[in-house]
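These notes are about the structure you will find just below.
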Amino acid sequence: MENFDKKGHWENIYQTKQLNNVSWYQPIPETSLELIESSGISKDSHIIDIGGGDSYLVDALLERGYKNITVLDISETALDKAKIRLGNKASKVKWLVRDAGNFSPDEKYDLWHDRAAFHFLTNDSEIKNYFSAVYNSLNPGGTLIIGTFSESGPTKCSGIEVRQYSEQSISQLFKKGFRKIACTTIDHQTPFDTNQNFLFCSFLKE
């Protein structure tokens with residue numbers, strides 16, 4: 001996998017598949033919204049959605065009045081699809097074409113959200129860089145929300161191997177400078193009537 005073209009892989013997926021025909025499709029991202037709203041952040045807080053692609057989370061956040069939203073994804077095609085869907089509202093969002101594994105933020109955030117991007121980082125150096133990005137860009141008192149495949153979840157997704165996590169293993173990764181708020185597992189039903197078990201954890205930056 002050393003010569004694997006990660007960006008090309010994801011561009012191809014978003015160029016050839018519709019949103020409702022990928023396993024991560026959610027018409028309403030209920031768990032993410034519940035965790036974001038329960039964090040108590042204000043509507044003016046700065047939010048970044050890592051690996052947001054063309055998911056409907058940004059639509060839901062705008063509808064709820066959140067004003068400072070950044071969506072990051074490795075696929076420019078995915079972000080373009082979201083912009084087209086949002087129309088004029090797209091100008092209210094900051095869009096970043098970046099790889100979550102080597103992202104170096106130049107802004108500060110109050111909430112960092114990641115559903116189903118982190119578990120694609122299987123290289124230790126990428127995981128270390130990801131932690132540094134979160135730690136350095138999240139304001140003190142900020143919230144980290146991360147959703148990954150659990151130990152009961154898939155071992156591969158979209159033809160790529162993933163890293164599964166338990167509450168203990170992900171808490172260990174974020175033990176420096178973060179306090180765990182809560183973790184929960186949920187079953188996500190894909191458009192293909194299969195279930196994927198996710199672990200969602202939220203942490204407070206100390």
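Values computed for the structure shown
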item: Residue list for the stretch 97-112, filter: surrounded by fewer than 17 Cβ atoms within 10 Å (Cβ to Cβ) and within 24 Å of Gly8 (Cα to Cα); result: Val97, Arg98, Asn102, Ser104
item: Output for the stretch 155-193, where each listed residue is in contact (Cβ under 8 Å) with a residue 12 or more places away in the chain, assigned to a loop (DSSP other than H, G, I, E, B) and under 22 Å from Trp10 (Cα atoms); result: Ser158, Gly159, Val162, Arg163, Gln164, Thr190, Pro191, Phe192
item: Segments classed as helices (runs of 4 or more DSSP H), wholly inside the stretch 1-103, with at least 1 members that are under 30 Å from Gly141 (Cα atoms) and at pLDDT 95 or above; result: 30-38, 57-63, 76-86
item: Test set (1) touching a residue at least 60 places away in the same chain (Cβ under 8 Å); (2) of a type outside the set (A, V, I, L, M, F, W, C); (3) surrounded by 12 or more Cβ atoms within 10 Å (Cβ to Cβ) - Asn20 fails condition number; result: (3)
item: Within the stretch 28-37, tally of residues that are in contact (Cβ under 8 Å) with a residue 12 or more places away in the chain and either more than 26 Å from Thr155 (Cβ to Cβ) or in contact with a Lys or Arg (Cβ under 6 Å, 6 or more places away or on another chain) (or both); result: 5
item: Sole residue being of a type outside the set (A, V, I, L, M), in contact with a Phe, Trp or Tyr (Cβ under 9 Å, 6 or more places away or on another chain), surrounded by fewer than 15 Cβ atoms within 10 Å (Cβ to Cβ) and in contact (Cβ under 8 Å) with a residue 24 or more places away in the chain, chosen from Arg115, Arg85; result: Arg85
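Residue-wise test of (1) buried (at least 17 other Cβ atoms within 10 Å of the Cβ); (2) under 25 Å from Thr185 (Cβ atoms); (3) of a type outside the set (Phe, Trp, Tyr).
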| position | (1), (2), (3) |
| --- | --- |
| Leu35 | yes, yes, yes |
| Glu63 | no, no, yes |
| Ile74 | yes, no, yes |
| Ala90 | yes, no, yes |
| Lys94 | no, no, yes |
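The values are calculated or read from the model by the stated rules, or taken from the named source; none is laboratory data. Keep in mind that this is a model prediction, so the values were computed, not measured. For neighbour counting, all protein chains shown are included, and Cβ atoms are generated from backbone atoms with ideal geometry for every residue, glycine included.
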